Amino acid sequence: MNEFPDITIIARALSIPSKMKILDALMDHKRHTATELAKISHITAQTATYHLNEFLKNNWIGMEKSGRFHYFFLEDTNVVELLEKLSPASPPRKARSKQRAIMLEKDTLYRTCYDHMAGHIGVLITTALTQKGYLNSEFNVTENGGAFFRDYLNIEVSLLHKQKRQFATKCLDWSERQHHVGGALGHAILLSFKEKGLVTINNKSTRALTLTTKGTSFLQTQLNIILK
């Protein structure tokens, strides 16, 4: 029989800023090398490797080898949910530079939360889906919602239910203090938005999303979302 969960492991990880920066960087649902994560976290590659080995031991992350490179990625979605839930309760810190402030502004407007959409626009989309009756209060897809996702986003809801993950989650958005949709459904929506050219990802070092002209039109015509 296993002992009670050792939450001190989590507490130790969250108490070290460089560890948090690595975990935050991995929230973009991409694969990163230790060197890339070290640069993002402003630590040495040796220190980054030490942290990554600890995360591997905890089964929080996975590692994939390609040639001489080792790529790390978040594997435990419980870690993702924990970081998102703790963020709204954390006191804000002022950005240290104008460049950082611009990046944060973009992230706050529209960003990825691991493998689904978040930020102001992400919450607007979730709110519109519920107001139109495509999702109920528990984020279950209604009959009209199933038709919408199939006809406009090429998403077959029945197939999502067969995945080995929670169908839809209420993910508390740290910047909006409201829920956006996560889980298999949230991921499918993001994938559809990318495939249809409704959004683009800004660059490799940020989770910010950019709504395209086509995306702006889609939100207005299909979800009655008019952005100022």
- Charge dipole (the chain, unit charges on Cβ, about Cα centre) - positive-most of L223, T49, L172: T49
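Pull out the extension gain between Q46 and T221, defined as 0.36 nm times the separation in residues minus the alpha carbon to alpha carbon distance; nm, one decimal. If you can, show how the numbers build up before the last one.
On the way: separation 175, 0.36 × 175 = 63.00 nm, distance 5.09 nm.
Additional length available on full extension: 57.9 nm.
Divide, for the chain, the radius of gyration over alpha carbons by 2.2 N^0.38 Å, where N is the residue count.
Values: Rg = 18.4 Å, N = 228, 2.2 N^0.38 = 17.3 Å.
In units of the globular-protein estimate, the chain measures up at 1.06.
At most 16 other Cβ atoms within 10 Å plus a DSSP loop assignment makes a site exposed; report the longest stretch of the chain without any exposed GluC sites (Glu not before Pro).
On the way: sites that count: E3, E75, E138, E156.
That would be 157-228.
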- Query: With no solvent and one point on each alpha carbon, what is the Debye value of log10 I(q)/I(0) for region 152-228 at q = 0.14, 0.16, 0.24 Å⁻¹?
  - Reply: -0.55, -0.73, -1.31
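Quick note: the coordinates plus some simple rules give every number you see, no bench work behind them. The structure presented is a predicted model; accordingly, all values stated were derived computationally and were not measured. Note: ideal-geometry Cβ built from the backbone for every residue, glycine included; neighbour counts use all protein chains shown.
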